[in-house]
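The values are calculated or read from the model by the stated rules, or taken from the named source; none is laboratory data. Given the structure is predicted, the values throughout are model-derived calculations rather than measurements. Ideal geometry is used to build each Cβ from the backbone, glycine not excepted, and the neighbour counts take in all protein chains shown.
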Amino acid sequence: MKVIICGAGQVGWQIARHLASERNDVTIVDSNQDLVSRATDTLDVKGVSGFASYPNVLKNAGAEDADMIIAATHSDEVNMVTCQVAHSIFDIPRKIARLRSQSYLDAIYADLYRRDHLPIDVVISPELEVAEAALKRLSSPNAFESETFLNSQAQLLGLHIEDNCPVVNTPLRQLTDLFSTLRVIVVGVRRQGVLFSPNAGDQIFCSDEVYLMCHSNDTIRTLEVFGKSKGEQNRIILIGGGNVGLRIAKSLEDSENRVRAKIIEKNRATAELAASSLERTIVLHGDGLDSGLLEEANVSKTDTIMAVTDDDKTNMLAAVRAKSRGCKKAIALINDPTMSPLMEPLGIDAYINPRSTTVSSILRHIRHGKVKNVYSIGDAEAEVIEAQVMSTSPISGTLIGNIDFPEGVIVGGILKNGDMVKPSSQSKIEEGDIIALFALSKDIPEVERLLQVTIDYF
C-alpha cells in the first residue's frame, strides 16, 4: 500500500514507523526539513519538504498513484485543504485528517465532510480521543493503563506490581488453579524496561509492570488479586479547563455516578467558558500549582486529581503537589514520551499519552475492515489487535494450542456469539469469532497474515 503522511511530528512519525515496518510504501511530507530528515534517517520512508496542501508538493510525494493520505500537520485548515486537493486533483481513495478545533467537530456540521463537500473519510479528534482515554483511566485509577475490547466485555489493565501483591513469585500457570473462576490472562510483562509476552512458567516479580486482559465483570476482583483496590471516585479535581478538561467534566456530569468535580483553570476566559458550559461542576480561576487554591478545592479529601493542561511540566508538578497535600491518586497528561520514566519516582499513579491515543485511533481506521480495534502500547512496543476471524484465515477451525503463533503473541480474549470467554489451549477459534491479541511489534506482520487482514485495506 502506498501512503502519504503529511506532518512529521510525533503522531506522523509514529504512524510512518508503524506502516513502514509492515512493508508499506510510505512518504512523509513536512514544511520543516529537519523533521523530514529525522524521518528519512531513522525510518524506511521517503521524504518531501514543502507545504502538504500544495498540489506540486503532493505530486512530488507520489499522490498520482497513492492509496491513502493521512493529514496530521499542526494546522486543521492545512489538513482539510490537503484532503480536498488529494481528492479533487489526485483522486486518492482514502483520506484521514486530524482536526483539533471543536468548531469543526460539532455534530450539526457533520455534512461538511461528505465527498461532494469536503471529502474526508475519517476525522480524528485528539481532544476527543484523550478525553475518552482519561475517563477510562478514572474507571480504573489504580491501573496505569486501561482500554476496553470485545464490545466492552474485556478490559486491558496495566498494573505496577508492588510488595503487597498476593501473586508475587507465583508461576502464571498456577493462577488458573488458585483462581479458577477468574477470567483473566496475563498478556504482557515489562521488566527492567523490556516488554515481553510471558509463558506459563514465568513468575511475576515486584516492580514489574504487567498487562492483563480480564472480563469487565471481573475487574474489581482482578485488581484485588494483583494487590490493587478499585478505589472510590466520588471527588475529582481537574487541572485545566480547556477542550480536554471541559469534555471530561461534561462526561462526568452525564454519568450515572454522582461525581463531585472541580476545575482549576489559569486563563480567565477559558475558566468563564467552562463555568458557563457546565451545570454541577465548580470552576475555580487560578494556578493549579497554587497551594492555597488547592486547599480551597479541598485537595486533601479528593480521590483523584487529573492534570490535563497543554504543558507537561505543569501537569507533572500539579500532580506531585496534589499528592503531597493528601490527594489519593494523581493522573497527568504527558505529551513527551521521554517523561514517562519519571512518573513512578514522582509518585504519579498514571499518565495519558495523547500521541499514543491518536496513533491507536488512526491505526484503527487504516487496517482492514475486519480489524475492529487497535491499541498501541508503550513506545510502539506492542499492540492489542481486535479482529474478526474470517473463513479464509489459517486459524479458523483450529484449537489455540495448535496455532503456530509467534512467541510474542498471546490471545487475551474471544467473543463467541456475543459473549466473552477466557481462552485456553483447548479453545477453538471459529469463523465469525472476534479475538483480542496482544502482539509485540515485531510479530504484527505475522499476526496480520494469520488473520488475513492485509489483502485489502478498504
Query raised in the report: When only residues in the range 191-229 that are in contact (Cβ under 8 Å) with a residue 60 or more places away in the chain and aliphatic (A, V, I, L, M) count, which is surrounded by the most Cβ atoms within 10 Å (Cβ to Cβ)?
Result: MET213
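Conditions (1) more than 30 Å from VAL186 (Cα to Cα); (2) buried (at least 21 other Cβ atoms within 10 Å of the Cβ); (3) in the same structural domain as LEU415 (by TED's automatic domain parsing), marked per residue:
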position: ALA39; (1), (2), (3): yes, yes, no
position: MET68; (1), (2), (3): yes, yes, no
position: VAL81; (1), (2), (3): yes, no, no
position: GLN84; (1), (2), (3): yes, no, no
position: ILE120; (1), (2), (3): yes, yes, no
position: LYS136; (1), (2), (3): no, no, no
Requested in this report: Please enumerate the residues belonging to the range 259-288 that are outside any strand (DSSP E or B) and basic (Lys, Arg).
Outcome: LYS266, ARG268, ARG280
Query raised in the report: Is there a residue being free of Cβ contacts under 8 Å to residues at least 24 places away in the same chain and either farther than 30 Å from ALA439 by Cβ or under 27 Å from the mean Cα position of the chain (by Cα) (or both) anywhere in the range 65-78?
Result: yes
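Taking THR181, is it β-branched (Val, Ile, Thr), modelled with pLDDT under 90 and either within 26 Å of the chain's Cα centre (by Cα) or assigned to a loop (DSSP other than H, G, I, E, B) (or both)?
Values: β-branched (Val, Ile, Thr): yes; modelled with pLDDT under 90: yes; either within 26 Å of the chain's Cα centre (by Cα) or assigned to a loop (DSSP other than H, G, I, E, B) (or both): yes.
Yes; evaluated as a whole, the condition is true for this residue.
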Report task. Could you check, for the range 378-400, whether at least one of its residues is touching a Ser or Thr at 6+ places or on another chain (Cβ under 9 Å), assigned to a helix (DSSP H, G or I) and modelled with pLDDT of 90 or more? Result -> yes
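Taking the conditions exactly as written (assigned to a strand (DSSP E or B), at pLDDT 85 or above and among the acidic types (Asp, Glu)), does GLU147 satisfy them or not? Let's see the steps before the verdict.
On the way: assigned to a strand (DSSP E or B): yes; at pLDDT 85 or above: yes; among the acidic types (Asp, Glu): yes.
So GLU147 fits the description; yes.
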Query raised in the report: Since SER393 meets every condition but one in (1) among the hydroxyl-bearing types (Ser, Thr, Tyr); (2) in contact with a Leu (Cβ under 7 Å, 6 or more places away or on another chain); (3) closer than 29 Å to LEU333 by Cβ, which condition does it not meet?
Result: (3)
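Restricting the search to the range 237-254, which residues are under 22 Å from PHE144 (Cβ atoms) and surrounded by fewer than 24 Cβ atoms within 10 Å (Cβ to Cβ)? Please lay out each step first, then the result.
Kept after step one, since they are under 22 Å from PHE144 (Cβ atoms), are these residues of the range 237-254: 237-240, 244-245, 247-248, 251-252.
If the condition is that a residue be under 22 Å from PHE144 (Cβ atoms) and surrounded by fewer than 24 Cβ atoms within 10 Å (Cβ to Cβ), then ARG247, SER251, LEU252 are the ones that fit.
Check whether at least one residue in the range 13-32 is over 28 Å from VAL447 (Cα atoms) and among the hydrophobic types (A, V, I, L, M, F, W, C), and report yes or no. If you could, list the steps in order and put the result at the bottom.
Within the range 13-32, the subset over 28 Å from VAL447 (Cα atoms) is 29-32.
Imposing the further condition that a residue be among the hydrophobic types (A, V, I, L, M, F, W, C) reduces the set to 29.
Looking through the range 13-32, at least one residue is over 28 Å from VAL447 (Cα atoms) and among the hydrophobic types (A, V, I, L, M, F, W, C).
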Report summary line: Here, strands (runs of 3 or more DSSP E) confined to the range 1-109 with at least 3 residues that are under 19 Å from HIS365 (Cβ atoms) are 2-6, 25-30, 68-71, 94-98
